[in-house]
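What follows is a short report on a single structure.
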Amino acid sequence: MKILRFLLPYLLILLPFNVSASLVVLQYHHVSESTPAVTSISPNDFTAHMHYLNEKNFNVLPLDEAINSLKSGEALPDRAVTITFDDAYASIYTKAYPLLKQLNFPFTIFIATDLVGTNARLYLTWSQLEEMAKHGALMANHTRSHLHLLRLRPAETREQWLGRIEEEIIGAQQIIESNLGEVPKLFAYPYGEYDEDILSLMTKLGYVGFGQQSGAMGVNSNFLALPRFPLAGVYSGLDSFRTKANTLPLPIRLIDIESLISDDNFKPSLDLEFVQGKWRTSELACYGPGGKMIIEKISEHHFRALPQQEVPVGRSRYNCTMPSNQRGRYFWFSQMWIRKKDDGSWYPEP
């Protein structure tokens, strides 16, 4: 584990942990029953999610305003959430937008700009995006072509690769702003994948970054790789949604681990150093390959989670939770891992 030097701009002052400075970001893709389940939620389940937020008086906030408050260490309203969509699918407009507009819920669409307008049945058009922007939608960057950021082309140097990624990001921002006007520098990593070099590029370009690892965020979160709760397929049921919407950020010091694991350690440990406070650390539980992980107590505030099995090829996560002192609410932290195939090649997408 190592704290990355390029995180310094975000760490000049380590802010004290504050439960009231907490935000849950919800991540959706398709709102449809006819698209791949792994990235889809049914219209009925999406409606149930939104009605739950409305009936339970959640504070649904614009993403940029909520992030600016967290970076400043300001308190947010209790049960603050934001709603995001990735990839600019047409079902956002046809299935989600009418309900969001009715409930007056702001939301964000992370746009892969090369896809816009290419297939009216599958992707949004610029006119649809413009209409939604006028009624509570914030548009943000998801690259031009929705590529795998970590994958170099044959014979491509790392310098050429980074230059290509930078062009993807800058190009997408320019296209969005030429069609919809100026938008904040918010970026969602395609597939949730990144490494140290890409995080460094985010710092250089001045973006706040969002992954696809689960959990709530707080003032001490890594603003280059913020968590979101993916809500699709078997993970879109209302019971599970209630738990996730009410989560709080695990009260640990900021950590950043290289997610792309090396070939000499397929069972990486996860160290969690809690900030001062009265936490229920005896009830800390982490889950990873093989199920419940072994928790070692290093000191009063320092714990280490060890997996039962190796991290599998592809993308996977360790998920750690702990009960809070608020009834029915849990702290939640997730660490993504990315493992190549044993021959060093990349795994195919399903």
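A short reminder: the numbers here are calculations on the coordinates, not readings from a lab. It should be emphasised that the depicted structure is a prediction, and the values quoted were computed from it without experimental measurement. Ideal geometry is used to build each Cβ from the backbone, glycine not excepted, and the neighbour counts take in all protein chains shown.
With N set to the residue count of segment 105-168, report its C-alpha Rg divided by 2.2 N^0.38 Å to two decimal places. Intermediate results must be reported in sequence, preceding the final value.
Working: Rg = 14.9 Å, N = 64, 2.2 N^0.38 = 10.7 Å.
Dividing the Cα radius of gyration by 2.2 N^0.38 Å gives 1.40.
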Local electrostatic count, L272, Cβ distance below 14 Å [Lys/Arg +1, Asp/Glu -1]: -2
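For segment 186-290, what does the alpha-carbon gyration tensor say about shape, rounded, prolate or oblate, given a ≥ b ≥ c as the root eigenvalues, a/c under 1.5 as rounded, and a/b over b/c as prolate?
Details: a/c = 1.34, a/b = 1.20, b/c = 1.12.
Rounded shape, in that the Cα axes give a/c under 1.5.
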Hey, what do the phi angles of segment 108-113 turn into as Karplus ³J(HN,Hα) couplings, whole Hz, using 6.51/-1.76/1.60 and θ = phi - 60°, x for Gly and Pro? 10, 10, 8, 9, 8, 5
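To the nearest 500 deg cm²/dmol, what mean residue ellipticity at 222 nm is calculated for the chain from DSSP H runs of n ≥ 4 alone, each contributing -39,500 (n - 2.57), summed and divided by the residues? If you can, show how the numbers build up before the last one.
Numbers: 7 runs with 78 residues, N = 350.
It lands at -7000 deg cm²/dmol.
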So, counting K/R as plus one and D/E as minus one, what does the shell of residues with Cβ under 14 Å around R329 add up to? +4
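Would you work out the charge dipole size for the chain about its Cα centre, treating the Cβ of every Lys and Arg as +1 and the Cβ of every Asp and Glu as -1, and quote it to the nearest 20 debye? Please report the intermediate quantities before stating the final value.
Working: 33 positive and 37 negative charges, 180 e Å.
Using only the charged Cβ atoms, the result is roughly 860 debye.
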Are there trypsin sites (Lys or Arg not before Pro) in segment 86-122 that DSSP puts in a loop and that have at most 16 other Cβ atoms within 10 Å, and which ones? R121
Residues whose placed amide H lies under 5 Å from that of T108, excluding near-sequence neighbours: I83, T84, F85, L138
Provide Rg and Dmax in Å for segment 5-249, with only Cα atoms included in the calculation. 17.4, 55
What are the chymotrypsin sites (Phe, Trp or Tyr not before Pro) within segment 274-349 that DSSP puts in a loop, where the Cβ has at most 16 other Cβ atoms within 10 Å? W346
Given pairs K71/K297; K267/K341; K267/K297; K56/K101 and cut-off 21 Å on Cα-Cα distance, the over-length ones are K71/K297
Excluding V311 itself, calculate the net charge of residues whose Cβ lies under 9 Å from the Cβ of V311, where each Lys or Arg counts +1 and each Asp or Glu counts -1. +1
Charge-dipole axis of the chain as Lys and Arg at +1 and Asp and Glu at -1 on Cβ define it, positive-most pick from L63, S345, L260: L63
